[in-house]
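The values are calculated or read from the model by the stated rules, or taken from the named source; none is laboratory data. Keep in mind that this is a model prediction, so the values were computed, not measured. Virtual Cβ from ideal backbone geometry, glycine too; neighbours counted across all protein chains shown.
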Amino acid sequence: MIDSSVLEMSLPLATAGEIAVMNLESSRQQSWSRLLQSPERPGVAEYIVEQEQMALQFLSDAAALDRLDALVEHLARSDADAVRVTLIRAQVLSTEHHFSPARALLQKTESWGAHSEAADRLLLSIDQACGNNLDFVMEARGRLAAKSGRLEDLVPLGSLLADLREFDEADRVYQQAFTNYQDVSPFALAWVCFQLGALWGELVAEPQPHRAAKWYEQAIAYVPDYVKARVHLSEIYLEDERFDDAEALLLPALSSGDPEVDWRLADVMIAQGKTLEGGAYLETAARGFEALLAKHLLAFADHGAEFYAGSGDNPDRALELASVNLANRSTLRAFEQTYDVAIDAGQSEAASDILAAARLRWGATHAFSLSPLAEMQF
Amino acid sequence: MSDHVDGPRSIGDPSIDMTDLFAFTSPENPGRTVLIADVFPSAGVSAMFSNVVNHAIVVRRIEVAGLGEAAKFKPGDQEYRFNCKFSALERGADGSKPTQRGTCTLPGGQELSFVVGDEKGASTPDGTFRIFAGLRSDPFYLAWLVAILKKFPNLLQNDNVLSIVIEFDTQKVLDPAKGSLFGVIAETSAIPQPRGLIGHEPPRFDWVGRPEQTNMRLNNPAMEHADDVRDLWNQMTPFALAEEFRPLFQKRLIDSLTNWDMRDGKADWTAADLNAAVNVYLDDFILFDVSKPITDTSYFEIEKATLHGKPYQTGGGRTVNANVIDIMLTWMVNNDREFLQGGATQATKPGTNTFPYLASPNTQIQTAVESVDLAASPDKVWALIGDFGGAWQPLIANITTVGTGVGQIRTVETIDGKRIVERLDAMDSSQRSYSYSMLSGIQATDYVGTLNVSPKGSGSAVEWKVQYWADGQPDIIVKTVVTTLLKTSLESLTKRFGAAK
């Protein structure tokens, strides 16, 4: 494995994040303008989906989901080609974690004889997000990555390897994504950095927070407005009692409206004994989560569960949300989360049932043998 | 599009995607040549250039090295390179709009600095060179669905691009006495950096010569199952196509031009003529002769005349208003038998006769949408707000109407003294919906509003949508006015009917 410090010295140059975000936002608005003027223009709706997904991923702009819903409604009223509209609807549903309806729509386009590479890729993403057919997904991801060598094919492969607890291999694939990158968009590079931060800070059995912090810092260096990177890095700073640094990291992200920012700010305040301010941020976070969950339950159920299992201090709500997420996608990580919150909620019988279901679903896999659940007894 | 989004890889950072290249004589001064390179297809109104990329326009002297079936344009070795780099953003102390600066290294090494968006541009002290860079209305127009060769409105209507405009004294810079025929390309390439263990920069991200080399000839949209070779083409060195790749691109161009020839069901090209045209296309640069007139119709005349074995009569080049797509399609599809006119005859805004020769950027259509869920039934809500002349909105002091039904005019006086005049355009009481347009009172054009009441659960949902172009006021001011009007009105309905549970 290449030493991470060497990597960080020589990461690719990219367009300044401030310029890239400005270009994304103004280009996104321009795309909407183009769509409203000429709904029949080829490719515009598809481009809007990509841009809104980027706004959601990097800027935590949850209104992107509302805009995507509006896009689908707009297309439904237009004369756009039915296959094209169906594929876009499937993309939007998948972004909102409505995986089963998205899959059904893809099957519908297939039944119309409209097979496409875009549909295949979306189906792969859905299977990966749901933990289904992972042998097939792994084979397909490996094939796509080997064929193109592109970052956009390597990162999902790395993510799948991480899901399967093949951490060193995932790290190698992420590094290859840097090596092969032939563009200057900071978003793609920030994405890889974030994945590496999550890999070493959260996914491995023995987290290496300082190694993770370097990657999150690099992600923010690429895209200063990368809200999730700020949130994850602030957790590490908080652990290190670097309260001022954590606060400085979070305050500029407050305007995103992402309730995780309020939540982590609350933690920072409470850790410093500022319980009044912390309480206010917690209330805002809870309101924010509930507003998101009311509109897009599946998309935010796991995040909401994490909040209520933590500072949100509502174990029953946490279990409810974790269960929603688990029912929607029975990944090993979803089982682990639901089991943990069931224990915290004092629901030992439910925890036992979850463990049994996890063993049934994942027990025969290598990933399960590395999971904390493998150690648990009924 | 001319070279817009011409490869899967360029979907990364759109600001490095080269879209177009122009070469013409200045309409202001026949002694000066203008070169324009555009990047960033469909750029938004606050688009900026990448700060880690070289944007270059490169000119070489060209020799006609063969005529007819042996037509050949041979580039010389000497390059006239204009290399532009851009800074990161500079924020004003008062939070004003950020500034971006640029520097262009001119042939000979002299540097010229400029501010992005400054319409006056910047000039060298002796006036030899002048430069502008910034957002402009996209001068390109493509009015065909090219896969099926069907006329269509301009696919780039209201689009903007980031442009780099370089104007210079032709005699001083190009020394036409040594030969007046030139070829020009534009490219975006990586600024070299120490990369250690991590990869290597591509020699260039994108480059453009003649319009549509990539999106219509190498990647003919009608050849669905052909491999996409655009990224490979973008890696080729301009003016020096690698011999090992020449057969691959030659085969693709022959297949593609054969396909184009048969789009109207008639074969207008002999194999020999088509091969000769392919060989010309393989040397991909825009030809321009500074000693001859360059007009809106002279694009590609140099190549055509040479392929016909005759001396060319014009300066070729490509002006901002040249209808290059129709010129090109006519030649490829029917070998100039019958002119193919697409569905538009000009770009959104034609080019201008004064520096920087490209029209000001287009503004964006704005949309304000507000909605509210109410406890009351749709019919009950519609009974109140379905009357176009009804006075139910809290910000309205008075409302008067003229006429009835579609065409009815209402004059709204707001509580802060504004007078807004609107006309009813459509009314559908069965669907509880009406639409109207604003005639005066708000600084916006094409202002269209739609009010709709629909059932939702045991109550109803009201959606009010307004679309418009801001006209004379910053978009944000108009948007604030409109959004406040909509929001306040709908909030009043919640008080009146109660919010949906």
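What to note about this one:
- Sole exception among (1) more than 27 Å from the chain's Cα centre (by Cα); (2) over 22 Å from B:ASP284 (Cα atoms); (3) surrounded by 15 or more Cβ atoms within 10 Å (Cβ to Cβ); (4) not basic (Lys, Arg) for B:ASN51, by number: (1)
- For A:LEU151, the test of being within 14 Å of chain B (Cβ to nearest Cβ) and within 21 Å of A:THR15 (Cβ to Cβ) is passed.
- Residue that is not assigned by TED's automatic domain parsing to the domain that holds B:LEU67 and not in a helix (DSSP H, G or I), where the choices are B:PRO350, B:PRO311: B:PRO350
- Which listed residue, of B:GLU243, B:GLU224, B:GLU303, is acidic (Asp, Glu) and closer than 24 Å to B:PHE22 by Cα: B:GLU303
- Those residues of the stretch B:422-446 which are at pLDDT 90 or above, surrounded by 15 or more Cβ atoms within 10 Å (Cβ to Cβ) and not small (Gly, Ala, Ser), in sequence order: B:GLU422, B:ARG423, B:LEU424, B:ASP425, B:MET427, B:ARG432, B:TYR434, B:TYR436, B:MET438
- Residue within the stretch B:117-128 that is among the hydrophobic types (A, V, I, L, M, F, W, C), farther than 30 Å from A:VAL21 by Cα and assigned by TED's automatic domain parsing to the domain that holds B:THR19 present: no
Residues checked against (1) among the hydrophobic types (A, V, I, L, M, F, W, C); (2) closer than 30 Å to A:LEU265 by Cβ:
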position	(1), (2)
A:PRO156	no, no
A:SER159	no, yes
A:ARG165	no, no
A:TYR181	no, no
A:GLN208	no, yes
A:ARG211	no, yes
A:ILE220	yes, yes
A:TYR226	no, yes
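- Of the residues making up the stretch A:278-288, none is of a type outside the set (Val, Ile, Thr) and within 19 Å of A:LEU93 (Cα to Cα).
- Within the stretch A:53-75, the set of residues being without any contact (Cβ under 8 Å) to a residue 40 or more places away in the chain, over 12 Å from the mean Cα position of the chain (by Cα) and more than 14 Å from chain B (Cβ to nearest Cβ) comprises A:ALA64, A:LEU68, A:VAL72, A:LEU75.
- Test for B:THR414: is it within 14 Å of chain A (Cβ to nearest Cβ) and among the β-branched types (Val, Ile, Thr): no
- Residue satisfying condition, being in contact with a Lys or Arg (Cβ under 6 Å, 6 or more places away or on another chain), within 18 Å of B:PHE182 (Cα to Cα), among the aromatic types (Phe, Trp, Tyr) and touching a residue at least 40 places away in the same chain (Cβ under 8 Å), within set B:PHE239, B:PHE285: B:PHE239
- Matching residues in the stretch B:10-32 - criterion: being among the hydrophobic types (A, V, I, L, M, F, W, C), assigned to a helix (DSSP H, G or I) and closer than 13 Å to B:LEU162 by Cβ: B:ILE16
- Any hit, the stretch A:123-138, residues being within 14 Å of another protein chain (Cβ to nearest Cβ) and part of a helix (DSSP H, G or I): no
- Any hit, the stretch B:423-443, residues being touching a helix residue (DSSP H, G or I) at 6+ places or on another chain (Cβ under 9 Å), more than 22 Å from B:ALA376 (Cα to Cα), assigned by TED's automatic domain parsing to the domain that holds B:SER371 and touching a residue at least 60 places away in the same chain (Cβ under 8 Å): no
- Flag for B:ALA368 being touching a strand residue (DSSP E or B) at 6+ places or on another chain (Cβ under 6 Å) and either without any contact (Cβ under 8 Å) to a residue 40 or more places away in the chain or buried (at least 17 other Cβ atoms within 10 Å of the Cβ) (or both): yes
- Count of the stretch B:96-110 residues which are surrounded by fewer than 16 Cβ atoms within 10 Å (Cβ to Cβ) and closer than 16 Å to B:ARG81 by Cα: 4
- Output for the stretch A:151-191, where each listed residue is over 19 Å from the mean Cα position of the chain (by Cα), in a helix (DSSP H, G or I) and closer than 26 Å to A:ASP225 by Cα: A:GLN175, A:GLN176, A:PHE178, A:THR179, A:ASN180
- Residue check for B:LEU340: aliphatic (A, V, I, L, M) and not assigned by TED's automatic domain parsing to the domain that holds B:ILE36: yes
- Unmet criterion (only one of (1) within 14 Å of another protein chain (Cβ to nearest Cβ); (2) more than 21 Å from B:ILE191 (Cα to Cα); (3) not acidic (Asp, Glu)) for A:TYR226: (1)
- Any hit, the stretch B:56-79, residues being within 14 Å of chain A (Cβ to nearest Cβ) and small (Gly, Ala, Ser): no
- Pairing residues of the stretch B:382-404 that are in contact (Cβ under 8 Å) with a residue 12 or more places away in the chain with residues that are polar (S, T, N, Q) and part of a loop (DSSP other than H, G, I, E, B), at Cβ distances under 6 Å and at least 6 apart in sequence or on separate chains, gives B:PHE388/B:GLN408; B:THR401/B:GLN408.
- Members of the stretch A:310-336 found to be surrounded by fewer than 24 Cβ atoms within 10 Å (Cβ to Cβ), closer than 21 Å to A:ASP267 by Cα and not charged (D, E, K, R), listed by number: A:GLY310, A:SER311, A:GLY312, A:ASN314, A:PRO315
- For the stretch A:246-280, filtering for residues that are over 23 Å from the mean Cα position of the chain (by Cα) and not charged (D, E, K, R) leaves 12.
- Residue in the stretch B:140-156 that is of a type in the set (Ser, Thr, Tyr) and part of a strand (DSSP E or B) present: no
- Residue-level analysis places B:SER137 among those that are under 24 Å from the mean Cα position of the chain (by Cα), buried (at least 16 other Cβ atoms within 10 Å of the Cβ) and not acidic (Asp, Glu).
- First in the stretch A:8-28 and more than 7 Å from chain B (Cβ to nearest Cβ) and assigned to a helix (DSSP H, G or I), second anywhere and hydroxyl-bearing (Ser, Thr, Tyr) and buried (at least 22 other Cβ atoms within 10 Å of the Cβ), Cβ under 6 Å, 6 or more apart: A:GLY17/A:TYR222
- Test: A:LEU106 is crowded, with 18+ Cβ neighbours inside 10 Å and either among the aliphatic types (A, V, I, L, M) or farther than 30 Å from A:ASP302 by Cα (or both): yes
The rows are residues; the columns are (1) at pLDDT below 90; (2) within 25 Å of the chain's Cα centre (by Cα); (3) not in a helix (DSSP H, G or I).
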| position | (1), (2), (3) |
| --- | --- |
| B:SER189 | no, yes, yes |
| B:ARG217 | no, yes, no |
| B:LYS251 | no, no, no |
| B:ASP273 | no, no, no |
| B:THR295 | no, yes, yes |
